[in-house]
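*Asks:* Could you have a look at this structure, given as structure tokens, before my questions?
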Amino acid sequence: MKAIVYERTGPSSVLVLQDRPLTSPGPGQVRVRVVVSGVNPTDWKSRAGSGTGSKLDAPKVPNQDGAGVIDELGPGVTGLSIGDRVWLWDVAWGSTEGTAQEYVVVPAAQAVALPDTESFDTGASLGIPALTAHRALTSNQNGPDRLSPGSLEGKVVLVTGGAGAVGHAAIQLARWAGATVITTVSGERKGELARQAGAHYVINYRTAGVPQTVYQAAPGGVDTIVDVNAPANIDTDLKVLKPGGTISIYAAAPGESLAIPIR
């Protein structure tokens, strides 16, 4: 089978196409014929490394997420069948085998059923973004630990950067769970993406005051903030957050720190 591999960190030129042997799944594993391999920031940042071009202990196939069709089951696997369409998550985490190859062997729990009505492109885009969004929306000590229809009924959620992958997923999940969803974006095109995802209120932070506009939409403030850039947003976050609310921070640049006004 064909696979994309790199043996040292660096720019995209370290990626090479190789022929590799096809392996069979072990107990509790499935083999998936990959149709679409998804690329996340963690994938290319891991490949880029620190810029020193460090040699890896073993060759690595990149990419955490993907989607495809199960073509072989390992012993003891139940609930899945050969021919099932699935989406894959966190495949390369702690492993040298990601989804940038024609076939990949994964634990059965990391192969999730993909409806026939949904595309492989969508399946490959779920993994890290959707799981991160779900975690951000369930980090409130008084909230649900798993989302379902109505589980966020009566809650107000602010998603910063609603056109990004995690923000887009957070809007959809929060709306599905019954929350009132407010989001910030940097332009009209991104605003339209956020509206299509289900945001009730879309704020262009370049042309409108975010705290004032949030309070127009939610006079009592917000319960949960899903924040892509807390160092830039912390002052606004604290102005609009309800007492006892939660700020879920899921992204940061290397070496970035956050100063929090204690009172």
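*Asks:* Based on alpha-carbon positions alone, could you give the equivalent ellipsoid semi-axes of the chain from the gyration tensor, as √(5λ), descending, whole Å? Don't skip to the end; give the middle numbers.
*Replies:* Numbers: eigenvalues 274, 100, 48 Å².
Result for the chain: semi-axes of 37, 22, 15 Å.
*Asks:* If you fit an axis through the alpha-carbon atoms of helix 120-137 and take the longest principal axis of the Cα set of the chain, what angle between them do you get, 0 to 90°, nearest 10?
*Replies:* That helix lies at roughly 50 degrees to the long axis.
*Asks:* Right, another one. So which lysines pass the test for Lys155, namely a Cα distance under 27 Å, with those fewer than 8 places away in the same chain ruled out?
*Replies:* Within the straight-line limit of under 27 Å, Lys155 reaches these lysines: Lys190, Lys239, Lys242.
*Asks:* Taking a ≥ b ≥ c as the square roots of the eigenvalues of the Cα gyration tensor of segment 1-147, is the shape rounded (a/c under 1.5), prolate (a/b larger than b/c) or oblate? Could the numbers behind the result be given before it?
*Replies:* Numbers: a/c = 1.92, a/b = 1.17, b/c = 1.65.
Verdict is oblate for segment 1-147.
*Asks:* What does the helix-only formula give at 222 nm for the chain: each DSSP H stretch with n ≥ 4 adding -39500 (n - 2.57), the total divided by the residues, and the result rounded to the nearest 500 deg cm²/dmol? Please report the intermediate quantities before stating the final value.
*Replies:* On the way: 6 runs with 67 residues, N = 263.
For the chain, the value works out to -7500 deg cm²/dmol.
*Asks:* Write down the percent of antiparallel bridges among all DSSP beta bridges whose residues are both part of the chain, to the nearest 5. Mind dumping the intermediate values first?
*Replies:* On the way: 27 of 45 bridges.
Taking every DSSP beta bridge within the chain, about 60 percent pair in antiparallel fashion.
*Asks:* Relative to the compact-globule scaling 2.2 N^0.38 Å, provide the ratio for the alpha-carbon radius of gyration of segment 31-109. Could you put the intermediate results ahead of the total?
*Replies:* Numbers: Rg = 13.7 Å, N = 79, 2.2 N^0.38 = 11.6 Å.
Here the answer is 1.19, to two decimals.
*Asks:* How big is the charge dipole of segment 129-241 about its Cα centre, in debye rounded to the nearest 20, if each Lys and Arg gets +1 on its Cβ and each Asp and Glu gets -1 on its Cβ?
*Replies:* In total the dipole reaches around 200 debye.
*Asks:* Specify, per residue and in Å³, the volume enclosed by the convex hull of the alpha carbon atoms belonging to segment 150-263.
*Replies:* 100 Å³
*Asks:* For Met1 and Glu192, FRET efficiency with R0 = 25 Å and r from the beta-carbon atoms, rounded to 0.05?
*Replies:* Values: r = 40 Å, r/R0 = 1.61.
For Glu192 and Met1, the calculated efficiency is 0.05.
*Asks:* Under 10 Å, Cα contacts only: if you run a Gaussian network model on the chain, which one of Ala252, Ala111, Ala100 comes out with the highest mean-square fluctuation?
*Replies:* Ala252
*Asks:* Right, here's the next one. Find the relative contact order for the chain and round it to a whole percent, using C-alpha pairs within less than 8 Å whose residues are 6+ positions apart. Could the numbers behind the result be given before it?
*Replies:* On the way: 578 pairs, mean separation 36.4, N = 263.
Relative contact order of the chain: 14 percent.
*Asks:* Right, another one. With point charges of +1 on the Cβ of Lys and Arg and -1 on the Cβ of Asp and Glu, referenced to the Cα centre of the chain, which listed residue (Ala174, Ile234, Val86) lies farthest in the positive direction of the dipole?
*Replies:* Ile234
*Asks:* Then there is this: Be a star and scan segment 230-258 for residues whose amide nitrogen sits under 15 Å from the point 7 Å along the Cα-to-Cβ vector of Asn142.
*Replies:* 241-247
*Asks:* Could you tell me the distance between the Cα centroids of segment 172-207 and segment 56-118, to the nearest Å?
*Replies:* 32 Å
*Asks:* Roughly how tilted is helix 188-197, in degrees to the nearest 10 and between 0 and 90, from the longest Cα axis of the chain?
*Replies:* 80 degrees
Taken together, the values in this text are just the output of simple stated rules run on the coordinates, not laboratory data. Everything numeric in this text was worked out from a predicted model, so none of it was measured. Every residue, glycine among them, receives a Cβ derived from its backbone with ideal geometry; neighbour counts consider all protein chains shown.
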